[in-house]
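Each reported figure results from applying straightforward, stated rules to the coordinates on display, with no laboratory input. Being a predicted model, the structure only gives us computed values, none of them experimental. Glycine also receives a Cβ, built like all others from the backbone with ideal geometry; neighbour counts cover every protein chain displayed.
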Amino acid sequence: MEDKMIKIINKFFKRATAICMVSAITAVCLAGCSKETDNSNKTYIDLKSYFKLNGYVSGEENIPAATDDEYAVVIDGMLKSTRAKKINTGYYMDIECVNDYFNSGIYWDSNEEISLYTLPAEEIKISAGDKSYTMGGTTYEFDESIIVKQGTVTYILLDYVVDFTAMDYSVCENGANRISINTEYCEKQYVKAVKNLKMRDGENPSKEILTDITAETELYYVKDGETPEWVYVRTLDGIWGYVEKNKISEVYTNTVTTDFKEIIYPSISKDFEICLGWHQMESTSGNDSLKGLIKDAGSLNVVSPTWMKISDAGGGITSLVSESYVKTAHKNNLEVWALISDFNSDENGSYYINQVLPYSSKRKILVNNIINEIKKCGADGVNIDFEMISSSTADDFIQFLREMSLECRKEGIVLSVDNYAPTGGNSYYNREAQGKVVDYFIIMGYDEHWAGCGKAGSVASLPFVENGIKNTIAAVPAEKVINAVPFFTRVWMETPEALTDGTQVIIEDPIYGNYALSSKAVGLKSALNLVEKNKAAKTWLESLGQYYGEYKDDEGITYRIWLEEEESMTKKLELMDKYQIAGMAAWKLGLEYDDIWDVIDNFID
């Protein structure tokens, strides 16, 4: 019996030992499978395919294989769909891509085939074929042309771009032609290869090889792998992959720096809060009305008369400028920022502004005409009120502002520009680019609902105004931003369908009946008088920050008015203080009443 028990126990321990040995062998095998061995995959990934140089499909578009002179473009480690080009000994990119990726200030005039770069004190002009440029009296030479046109594409030399952009680049022609561009100057994490190794397309030696890494090569550290033996890294020339952890150094940090100094456009900043009033006029007789408009406007310190208009497709303007007007304003401690508008169009309804801006020679004429009129009358500044810019001329508009800023800076003229409250539909106005070159950026904080919008509503509700300010200062320095308030509102009229003549657009309303909607703009006092005259109750709308009045006439037409008065104005001006912006403006002088100025006086220092 005892011998039998001993046999059973020995059998058990032999089985347990066998199981432990198998487990140990399995563990060693598993560990060994995640490390490089003689049996590791020796296949290399085709780097031309990796960098999409062999052609590929993008959506419904077939991108052809790269020619020998085309290079993949890697920006901050990310492969881009565009390609660079080697022309003779120079490396080039499509100027549109340079604008999108690096520097929107390098302007290309495709009509006159010149490139312009407008600096704070001068402008650099490059024509196709030029191999040099002059800046600050010094000429800078290149071995190759700065601008090269090939078919429909305009290429620009990267060495020229580097002179004006915080970027550097390197060229790699090993395995696949590519240009690696860095624009990130900050603290970065690295590892260094301590011995020769292979970068693989996964955390396993069975994965294909991306590239060979020699000892002492620096790599960007991305993250630890999911298995402890591997680390995810990126080469300096844009290859992402895994390397064995035991063949690299510990992670260390370096700060990547650049000698490039960002170009700053100096701006005029007044030592007082701006309180601007627009003075609308259509003829020279309007100049005589200034005294009457400003007699009760105690806080007003800038007046902007609507003097100039673009008058043709060549950059010509009409002007009502008046030296005596400026003298009267100055005697009353007012600066004059003369306005120029873009509402004129040709017989086909095409606005002249969009025919002028795409041509550098026409812009130059326009800029000179404006500056000459300002100097002729002695005005202190100019107010650019271009509201008809199309998305196709948006870049040309920004270039116009750069050129205006250059000339205004030379003459000490204040440059201000009017803008719609930000919405997705007008983002092409590029507020950030405007804010870099202008002295003051004015939000037209009204027309939330306008004559043709198809819906009755407030001209400037408090949320609309606040969102306009918040979204603007996200792109433009607050100390440059002025918010314009309305000295007007709209009387909305809903005419029952039975009373219409059949020509109006009918709005369907299953509850109250169909109607035609129309409106008219009225001054602040006129709106209050209408509400009082028709005995309409004023209801305070907390969510909108204003009063609302509604009444019907004897014919059954419904009138709706979102009022602007002392309380709503106070709410709007409180936002000026809340967001620490440069001041306020108002459209337009003559539509307000005296008590409004008492409110404004409380906010303008």
TODO: Taking a cut-off of 12 Å between Cα atoms, list the aspartates and glutamates near Lys48, but don't count ones fewer than 8 places away on the same chain.
DONE: Asp68, Glu70, Glu173
TODO: Grab the beta carbon distance between Lys364 and Leu79, set R0 = 45 Å, and tell me the FRET efficiency rounded to 0.05.
DONE: 0.65
Task: Full-stretch length increase - Ser110, Thr284 - with 0.36 nm per residue and alpha-carbon distance subtracted - done: 58.7 nm
TODO: Treat every Asp and Glu Cβ in the chain as -1 and every Lys and Arg Cβ as +1, leave all other atoms uncharged, and give the resulting dipole magnitude about the Cα centre to the nearest 20 debye.
DONE: 2020 debye
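Report the full-extension gain for the segment Thr253 to Trp450: residue separation times 0.36 nm, less the Cα-Cα distance, to one decimal in nm.
65.3 nm
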Task: Karplus-derived HN-Hα couplings along the range 200-205 (A = 6.51, B = -1.76, C = 1.60, θ = phi - 60°), whole Hz, x at Gly and Pro - done: 10, 8, x, 8, 6, x
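Remind me, relative contact order of the chain in percent, using alpha carbon pairs under 8 angstrom and six or more residues apart?
Computed value for the chain: 10 percent relative contact order.
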TODO: Mind scanning Lys362/Lys571; Lys376/Lys525; Lys188/Lys436; Lys261/Lys571; Lys131/Lys364 and naming the pairs with a C-alpha gap bigger than 32 Å?
DONE: Lys362/Lys571; Lys376/Lys525; Lys261/Lys571
- [ ] With the cut-off at 23 Å, report for the range 47-179 the share of all Cα pairs above it, as a whole percent.
- [x] 35 percent
TODO: Normalise the Debye intensity by I(0) for the chain, one equal point scatterer per Cα, no solvent, then take log10 at q = 0.08, 0.09, 0.12 Å⁻¹ and round to two decimals.
DONE: -0.77, -0.89, -1.20
Open item on the list: Report the rotationally averaged projected area of the range 185-255 based on its alpha-carbon convex hull, in square nanometres.
Closed with: 4.4 nm²
Open item on the list: Tell me the volume per residue, in Å³, of the convex hull enclosing the alpha carbons of the range 479-589.
Closed with: 142 Å³
- [ ] With only Lys, Arg, Asp and Glu charged, each at its Cβ (+1 for the first two, -1 for the last two), find how big the charge dipole of the range 266-444 is about the Cα centre; round to the nearest 20 debye.
- [x] 440 debye
